[in-house]
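Only one structure is covered here, and it is reproduced in the block below.
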Amino acid sequence: MIVPKPLPEEGEVVLIKINKVMPFGAYCTLTEYNIDAYLPIAEVAAGWIKNIHEFIKEGQSDVAKVIFVDPEKRAVDISLKKVSTKEKKDKLAEYGLEKRSEQLFRQALKKAGIADDKAVIQKLATAFATYTELINAAYNKDQKIEKLLGSTLASALYEIAEKNIKPKIYEVSYKLELSARNGQANIDTIKQVLGQLEKLGISVIYEGAPHYLLKTKAETYPKAESVIKSGENLLSSHKHQLNYTLTKV
């Protein structure tokens, strides 16, 4: 986070470091907030826990879920057992990406010759919640970065983002069953249609007549789906000659 929130929210998945393990719980630090939290023994793992030390250790880093927040006392309780495998995986990936994005931001500061980042961060916080959001905006050359930071630092961010960010590519796949209604002319139409599908940007993989696998890639999922939709419209325009079914994989 560019400027961390003072407290997490109930239900939020957070990174923790276990500082001291007691018989009935553990005192932890929330890595992204740098505040303390308490992990009750009942929230360490499912089932009966006879010895808490068999489940957690001092110095251990982990992913937890916030289950209680008292803003006045700045008290936070957390749970390990309420975190799903997917939530843990996603949180670790998100944190890794955020740290990488912060490193790229620091590189841009150095390139622009800026030593003190306090004023810069204050400006960024008005428009971006995370470094990841900032770097993605820089990759897309969002002009509000230049308005906030000036041309020198904005240019450095644009350049570093372009060199280091690989856009995510979405792939969609469909099974196509395609056959001619009758006659050699319609078989020739199949060959023509398959060629036209490829010109649309759809990869056609032959799996043994009448079965084909259609694949396409794009920078967004809706765009990839729209390419397949164009292919379906092409097939539909030949429905008087061809039989086809299209099924998403």
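Laboratory data are not the source of any read-out in this text; all were calculated from the coordinates shown. Just so it is clear, the structure is predicted and the values come from calculations on it, not from any experiment. In this analysis, Cβ positions are derived from the backbone assuming ideal geometry, glycine residues included, and neighbour counts consider all displayed protein chains.
For every residue, the table says whether it meets (1) of a type in the set (Lys, Arg); (2) more than 35 Å from the chain's Cα centre (by Cα); (3) over 13 Å from GLU177 (Cβ atoms).
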{"position": "LYS199", "(1), (2), (3)": "yes, no, yes"}
{"position": "TYR206", "(1), (2), (3)": "no, no, no"}
{"position": "THR220", "(1), (2), (3)": "no, no, yes"}
{"position": "ALA224", "(1), (2), (3)": "no, no, yes"}
{"position": "SER230", "(1), (2), (3)": "no, no, yes"}
{"position": "LYS239", "(1), (2), (3)": "yes, yes, yes"}
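Among the residues of the range 169-215, which ones are small (Gly, Ala, Ser) and either on the phi < 0 side of the Ramachandran plot or surrounded by 14 or more Cβ atoms within 10 Å (Cβ to Cβ) (or both)?
SER173, SER179, ALA180, ALA185, GLY195, GLY201, SER203, ALA209 - these are the residues of the range 169-215 that are small (Gly, Ala, Ser) and either on the phi < 0 side of the Ramachandran plot or surrounded by 14 or more Cβ atoms within 10 Å (Cβ to Cβ) (or both).
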